[in-house]
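Have a look at the structure below before the remarks.
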Amino acid sequence: MKRKSLLKLFLVLFFPILFVNCSNPESKVTRVVNKFYSEYQHDFREVNKRYITHNLYELIIKAEQIEEEDEILVKNSAYPTDKPLLIEGDIFTSLYEGHTSFTIKKINIVGDKANVRVVFENKKYDEIWEDEVLLVKEKNRWKIDNVLFKKESNTFGSTQQYLKQFINYSFELNRKSTY
């Protein structure tokens, strides 16, 4: 009898704690950032779209299309050995070479938006820096919408800014194209 009472008491106390932890927005945000940066291999073309917003995914698709189209244009041009438009380097951290490890430093959640300060490290290049990962709730799930680059050497400002500049540059270039 005492055993059943103890089991009931344990269940009554344990399950609410488990439920609160599972529904905690901070733990969900942490999980998305951890999964994204653990799986991400520094090639935006192979990013897991499950962790990014639809808007960010659309920018990535557009950038990929531009790369593919420009490769064909250059190949069929009078200058087939020229380098086509191409995004090089990591666009989800402010270091061109990307990260080898990361740690979440601080999470700030306001409504359906979260700002996550992440400390990145690249051991090969002996670099440590912080970036700010912005998440939004999309269809009731936390997703990465942008990364604000905090490293002084990065000139693009953010992931979305980088992609938009690339897209706009290709548009302007194609209007003046000599191919």
- Cβ-Cβ under 8 Å pairs, at least 6 apart or on other chains, region 99-114 side in contact (Cβ under 8 Å) with a residue 12 or more places away in the chain, far side basic (Lys, Arg) and in a loop (DSSP other than H, G, I, E, B): 100/123; 100/124; 101/123
- Residue selected from region 23-56 under the condition in a helix (DSSP H, G or I) and closer than 22 Å to residue 84 by Cα, by the criterion nearest to the chain's Cα centre (by Cα): 44
- Kindly check whether there is at least one residue in region 94-105 that is under 18 Å from residue 40 (Cβ atoms), touching a helix residue (DSSP H, G or I) at 6+ places or on another chain (Cβ under 7 Å) and not in a loop (DSSP other than H, G, I, E, B). yes
- Scanning region 78-96 residue by residue, those over 15 Å from the mean Cα position of the chain (by Cα) and within 24 Å of residue 165 (Cα to Cα) turn out to be 82, 83, 84, 85, 86, 87, 88
- Item | Only listed residue being in contact with a Pro (Cβ under 6 Å, 6 or more places away or on another chain), more than 17 Å from residue 29 (Cβ to Cβ), surrounded by 14 or more Cβ atoms within 10 Å (Cβ to Cβ) and not aliphatic (A, V, I, L, M), chosen from 71, 67, 127 | 71
- Note on region 62-98: residues farther than 28 Å from residue 51 by Cβ and among the hydroxyl-bearing types (Ser, Thr, Tyr) are 77, 79, 81
- Failed item, numbered, when residue 172 is tested on (1) outside any loop (DSSP other than H, G, I, E, B); (2) over 22 Å from residue 62 (Cβ atoms): (2)
- Item | Search result, residues across region 74-109 that are closer than 30 Å to residue 25 by Cα and among the polar types (S, T, N, Q) | 93, 94, 100, 101, 103, 108
- Task: Determine which member of the set 163, 134 is hydrophobic (A, V, I, L, M, F, W, C) and without any contact (Cβ under 8 Å) to a residue 24 or more places away in the chain.
- Result: 134
- Task: Return a yes/no flag: does region 130-140 have any residue that is of a type in the set (A, V, I, L, M), part of a helix (DSSP H, G or I) and surrounded by fewer than 20 Cβ atoms within 10 Å (Cβ to Cβ).
- Result: no
- Is it the case that residue 125 is part of a loop (DSSP other than H, G, I, E, B) and at pLDDT 95 or above? yes
- Message: From the list 146, 168, 122, exactly one residue is among the polar types (S, T, N, Q) and more than 15 Å from residue 90 (Cβ to Cβ). Which is it?
- Response: 168
- Task: Could you tell me whether region 152-174 includes any residue that is surrounded by 12 or more Cβ atoms within 10 Å (Cβ to Cβ), basic (Lys, Arg) and at pLDDT below 95?
- Result: no
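The values are calculated or read from the model by the stated rules, or taken from the named source; none is laboratory data. These figures come from a predicted structure and were not determined experimentally. Here the Cβ is made from the backbone with ideal geometry for all residues, glycine too, and neighbour counts use every protein chain on show.
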